[in-house]
1. Among the residues in the range 191-207, are any modelled with pLDDT under 85, assigned to a helix (DSSP H, G or I) and open to solvent by less than 20 Å² (accessible area, probe 1.4 Å)?
2. Kindly evaluate Phe234 against the criterion of being open to solvent by less than 90 Å² (accessible area, probe 1.4 Å), assigned to a helix (DSSP H, G or I), of a type outside the set (Val, Ile, Thr) and at pLDDT 85 or above.
3. Limited to the range 121-136, what total is found for residues that are surrounded by 14 or more Cβ atoms within 10 Å (Cβ to Cβ) and part of a loop (DSSP other than H, G, I, E, B)?
4. So which pairs qualify, if the first residue must be in the range 191-218 and closer than 23 Å to Phe269 by Cα and acidic (Asp, Glu), the second must be open to solvent by 60 Å² or more (accessible area, probe 1.4 Å) and at pLDDT 70 or above, the Cβ gap must be under 9 Å, and the two must be at least 6 apart or on different chains?
5. For the range 172-190, enumerate the residues that are closer than 23 Å to Leu159 by Cβ and open to solvent by less than 60 Å² (accessible area, probe 1.4 Å).
6. For the structure I just gave you, tell me whether Ile275 is at pLDDT 90 or above and at negative phi.
7. Any idea which residue in the range 210-227 is farthest from the chain's Cα centre (by Cα), counting only those that are exposed (fewer than 13 other Cβ atoms within 10 Å of the Cβ) and assigned to a helix (DSSP H, G or I)?
8. Against the condition at pLDDT below 90, open to solvent by less than 50 Å² (accessible area, probe 1.4 Å), under 26 Å from Leu310 (Cα atoms) and of a type in the set (Phe, Trp, Tyr), how does Phe245 come out, does it pass?
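The values are calculated or read from the model by the stated rules, or taken from the named source; none is laboratory data. Everything quoted here is computed from the prediction, not taken from an experiment. Cβ placement follows ideal geometry from the backbone for every residue including glycine, while neighbour counts extend to all protein chains displayed. Surface accessibility is based on the protein's heavy atoms, side chains included, excluding ligands, DNA and RNA. Shrake-Rupley method; radii C 1.70, N 1.55, O 1.52, S 1.80 Å.
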Amino acid sequence: MLFLFRTNQIIYSIFLLIYALVLRISYFFKNYPVDMANDGVLSIFTKDWLGHNYTVAGIITILVVFLQAVLVNNLVNQQRLFKEITLFPGLFYILLVSAIQDFLPLSSVLLGNTFLILALNNLLATYKNPKCADAIFNVGFWVGTAALFYNAFVFFLLLAFLGLLILRNFKFKEGLMMVGGYLLPFMFASTYSFWYDQLGEYWDTYFLNQFAFLDFRLADNWDTNYKLILLVLFFLLGAFNRYQFPKSYKNRNYVNIIYTTLLISGLTFLFQNNIQISHFLIIATPLSILLAAQFLAFSKTSAELVHFALFVAVILFQFDVFL
């Protein structure tokens, strides 16, 4: 199956849509409620707009996942992170965000991931680019937008600052540009809330009350343990990869950014209030890139076998074989 995604032909991206549909088809056989955990204002707006039509929500979720996979591929291939052009990053992004049943409903974390990918793409585009004021502003803007979907994305402002330090000679003026972009979505949300006399409620409900230390709300049963084992397996497989990235100074910095993104994704687990298992979606973007690198390091036969085993395991999880 993997041979279909080793190509650099954009037309083959349609197979990513089919792949997403196959992995998420079980959603349409059950009445999954829309995931409302820790929703930000934009998540609530989106879900209210969808109403209670679970079929439409499921179709839109698949399209969102497909779009995100295309964006991840664009990020990796445009910045030449790998030695070859491949659709693997998008493929493994879809596999990760479809790994367990809790990831299937439309969630605030999944929606926020779209804007984290955009922020990361703009961040990498600033490397030694003298005319990138728009990209620097957009890094902050997309991180702020992601945080309006799911509050934990506020921590990726740290990624934005560290990214500028790693990729270019940091300038105070550029830092202000980025912070300005970051604050703009919050200013829009605050202005809207003020207009309807709900400013205090907005900041209390959607920001201040969203922070807590080690506030996990995971069920203590074998169902949860099986899911965590699968997610840890994905993490270990991606985080400790043996792929030989291109050795240019630029690529070393890019790889540092990806690992920094993974680290900050992990830090969000310490401070987000009311953590559900769907919170694990926040690590999908950096981990999918690292998983793609790992599978490029495997021989073609080994890559096919390991991917097939993971693919089958995910399908079995979706249809309750292990649960």
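1. Within the range 191-207, one or more residues are modelled with pLDDT under 85, assigned to a helix (DSSP H, G or I) and open to solvent by less than 20 Å² (accessible area, probe 1.4 Å).
2. For Phe234, the condition - open to solvent by less than 90 Å² (accessible area, probe 1.4 Å), assigned to a helix (DSSP H, G or I), of a type outside the set (Val, Ile, Thr) and at pLDDT 85 or above - is met.
3. Selection size over the range 121-136: 4.
4. Asp215/Phe271
5. Correct list: Glu174, Gly175, Met177, Met178, Val179, Gly180, Gly181, Tyr182, Leu184, Pro185, Phe186, Ala189.
6. Working: at pLDDT 90 or above: no; at negative phi: yes.
It is false that Ile275 is at pLDDT 90 or above and at negative phi.
7. Trp222
8. The answer is yes for Phe245.
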